[in-house]
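The values are calculated or read from the model by the stated rules, or taken from the named source; none is laboratory data. Just so it is clear, the model here is predicted, and its values are computed rather than measured. A quick note on method: Cβ atoms are made from the backbone with ideal geometry, for glycine too, and the neighbour counts reach across all protein chains shown. Keep in mind that these areas ignore ligands, DNA and RNA; they rest on the heavy atoms of the full protein, side chains included. Shrake-Rupley method; radii C 1.70, N 1.55, O 1.52, S 1.80 Å.
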Amino acid sequence: MLTRLKAKSERKLAKQICKVVLDHFEKQYSKELGDTWNTVRDILISPSCWQYAILLNRFNYSFELEKDLHLKGYHTLFQGSLPYYPKSMKCYLSRTPDRMPSERHQIGILKKYYLLNAASLLPVLALELRDGEKVLDLCSAPGGKSIALLQCAYPGYLHCNEHDSLRLRWLRQTLESFIPQPLVNVIKVSELDGREMGDAQPEMFDKVLVDAPCSNDRSWLFSSDSQKAACRISQRRNLPVLQVELLRSAIKALRPGGLLVYSTCTLSKAENQDVISEILNSYTNIMPVDIKEMARTCSQDFTFAPTGQECGLLVIPDKGKAWGPMYVAKLKKSWTM
């Protein structure tokens, strides 16, 4: 009976895969990833294989929930092997595609956990947030990375920006659901075009996260409207221009000596390595930061594809490690004379 139900739900999901997008991916990613693309594709088109990590909320910590996760065979992400891994961040993974139910938003009650793609914690950890620092999350909605940043440290000031008004509402609700009122007072939420932030707040921040608008391969594959999908394929060519402009703005907003992390949830080289190469080629005061060590220490939980960059990592979905796609690059703004 269960097998029949599973087969039925997989058939239903298969129908929703947009052939226009899949064909486009086939062409591009078989060239960029080679034979690896076959495994990646099989996972991307099978949501029943997707995994969900559970990020515990330290502001409403539940010992019972943690105990329950242990009993169910969940294990902690990284298991303390990263050089920078704050004790206050607790994220649990299951080896199987188990999914906890999402908690309902209730005004005045903080949620106990946040469900996420575990790879999306890599950009947060790469930022190495310390207590008291001024942080900018330039493209902040739906808010998962801001929530994760606050599990790591208590910033002196956190600026969450989101240009899209619908997504901004989602961001505000996420912050409300996870962050206690006293801490909300050090968070500013704005609706600026991210490309204007550098001029509005020059050299203001110690750390900047640019989780850029991107193709978002997972959700895009399930666009049911072929016409819209074809339109998005042509718009996709313009995304690297926007991403470079957002990074230029972020660089202006970053103080000398500060760190910048760029991330996307696409496999696309044009939106990942090429964007970072353009930035590195056009600034003399922006330096790549080697994060190969992060890939080495995380290989137990994630599968990485080569990027050809010391400062860039690409997590690709794999059997039993169905995390990603997630590209992460780390840069530093040097002091100029």
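Points worth noting:
- Cα gyration tensor shape of the range 68-144, rounded if a/c is under 1.5, else prolate or oblate by comparing a/b with b/c: oblate
- Spin-label pair D290-L71: with each label point 7 Å from Cα along the Cα-Cβ axis, the two points sit 4.7 nm from one another.
- Protection proxy ranking, peptides 315-321, 48-54, 245-251, average beta carbon neighbours within 10 Å, highest first: 245-251, 315-321, 48-54
- A Förster radius of 35 Å combined with the Cβ-Cβ distance from I107 to L192 puts the calculated FRET efficiency at roughly 0.85.
- When the alpha-carbon atoms of the range 203-270 are used, the pair Rg, Dmax equals 14.8, 46 angstrom.
- Using R0 = 35 Å, the C-beta based FRET efficiency linking N281 and A230 works out to 0.60.
- Residue separation of C49 and R169 scaled by 0.36 nm, minus their Cα-Cα distance, works out to 40.2 nm of gained length.
- Carbon + sulfur, % of accessible area of the chain - ligands and nucleic acids excluded, 1.4 Å: 54
- Computed FRET value (nearest 0.05) for F63 with T297, which takes r as the C-beta separation and R₀ as 30 Å: 0.60
- The protection proxy used here, the mean number of other Cβ atoms lying within 10 Å of each residue, ranks peptides 141-149, 82-90 as follows, highest first: 141-149, 82-90.
- Gain in span if fully extended, I17 to S334, counting 0.36 nm per residue against the direct Cα distance: 109.6 nm
- Label zone at L183 (point 7 Å along Cα-to-Cβ), backbone N below 11 Å, the range 98-121: 111
- Solvent exposure of the chain amounts to 47 Å² per residue of accessible area, where only protein heavy atoms count and the probe is 1.4 Å.
- Expressed as a whole percent, the proportion of Cα-Cα pairs in the chain lying more than 27 Å apart is 45%.
- For the range 150-243, radius of gyration divided by Kirkwood radius, i.e. Rg to Rh on alpha-carbons: 1.03
- In the chain, helical runs assigned H by DSSP with n ≥ 4 each contribute -39500 (n - 2.57); averaged across all residues and rounded to the nearest 500, the mean residue ellipticity at 222 nm is -11500 deg cm²/dmol.
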